[in-house]
């Protein structure tokens, strides 16, 4: 393996995984199952990318004729110079029809060792994690509890799952987990076994992972991060794929007619007993601390699409991946770098001629926008597409800025998020009139999604929750807290409840009836 080949793997894997992340962003309104399929198709393509690079013939592209603009001229295809008047050296492009030549053997060995050592460590951790599952299964006991076996049969029937599943219990785990393909295993902890009322929801979640082959998807993601450990996009895609696997399993549970509020309470309780270990290659119902809020909000949002990934969608995505990965793997890295270098040199030359005149023309055309635009980053291609999709216009940005002057320099992503979820000037003005200080733009869209309005602010103020932040109000709304709910606890003697305590009580479904039953016992 040469240095040039490592560089080729690096930029091609970054292009593939980064492109998949962009696709997931553009498909944010699709169901979790559909987006999960896209994420794992990208990971699987990344796994086979090195083999494709080595096996496919190099794809060469003829360089176009050098464009001209006044006195600025791109140098001939054999080399790229710096801008006119610069003293930089020329960059030879070489023969675009050949892959990069190997470096000296000693230098190549050093680079190979630097790459292979972290990759081997990560691969070994994955093997140990899989081996631990065999140990857990050998030490576990078969669960013969009647309600759980009934729940397993009922969940399999409701979800259309006909394959046999081993139901085991072990003290070596803190919350339920599942793994396997041909002979799947659901492993419960003793605490979960005692919560028989949650049996069907837990089993439905784990069966959803089994039916979707999520254990294989998890192993693919781990191998990709081991193979491309130097690529931050690969790690980000693997993390997003894990989140989407859990969300798709949650949706499968809700499609099986499990009550959303009860299931949200299950997630909150399970989060307290998360299996925090890299050496456990299995899925579990317990959400990580950083994903709990996102999963609970999704479970309680009845407007979200929860459809599974159907045949037409999977076939179309698979065909698109093949059409993209093949040319990307075959593309010559020398050619790609040459084109990029030529483009940079041309852009530099053209800017030296165009920028003064263009800036002057823009200032005359729209003087009120120049100062603000100069402080903002130029939108990316992805952002430009989303701006067109959701009708994010300069007029919309002005409307937001007029309603809240602190948002005059709002970023493009925030404006797109606002527009997607119906945030407009009237909504912001209503919040301000209700006395809410909007300090963080990222809190606005969730508040709009959950229906936080002036009436809800006044309702909370009536029960003593005044001056709350927008984030606190959103959390209360997600949990379904009302003024009557708070009053019921105050009348029962709980007069000093905080916002966080009320939110947790509501998420767990605790009400006065629960209190009365507890007192009677």
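What follows draws every value from the coordinates through simple rules; no lab data is involved. Keep in mind that what you see is a predicted model, and the values were worked out from it rather than measured. Every residue, glycine among them, receives a Cβ derived from its backbone with ideal geometry; neighbour counts consider all protein chains shown.
Below are the figures for this structure:
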quantity	calculated
Per-residue Cβ neighbour rank within 10 angstrom, fewest leading, 465, 508	508, 465
Calculated FRET efficiency for the pair residue 388/residue 125, C-beta based, R₀ 51 Å, to 0.05	0.70
Geometric extent, Cα atoms of the stretch 229-268 - Rg, Dmax (angstrom)	14.0, 43
Efficiency of FRET between residue 166 and residue 398 - r from beta-carbon atoms, R0 56 angstrom, step 0.05	0.35
Using a Förster distance of 41 Å, the FRET efficiency for residue 440-residue 491 (Cβ separation, nearest 0.05)	0.75
Net lengthening on full extension, residue 144/residue 433 (0.36 nm per residue, minus Cα-Cα)	98.1 nm
Fewest-first ranking of 30, 183, 419, using other Cβ atoms within 10 Å as the exposure measure	183, 30, 419
Relative exposure of 511, 443, 391, judged by other C-beta atoms within 10 Å (fewest first)	391, 511, 443
Calculated Rg and Dmax of the stretch 393-435 using C-alpha coordinates, Å	9.7, 28
The stretch 381-520: equivalent-ellipsoid semi-axes (sqrt of 5 x gyration tensor eigenvalues, Cα, Å)	37, 15, 10
Principal axes of the stretch 192-266: Cα extent on each, largest first, Å	45, 21, 19
Scattering profile of the stretch 412-483 at q = 0.20, 0.22, 0.26, 0.28 Å⁻¹ [log10 I(q)/I(0), Debye over alpha-carbon scatterers]	-0.77, -0.93, -1.26, -1.43
Stokes-Einstein diffusion coefficient of the stretch 137-236, Kirkwood radius over Cα pairs, 37 °C, 0.692 mPa s, in µm²/s	225 µm²/s
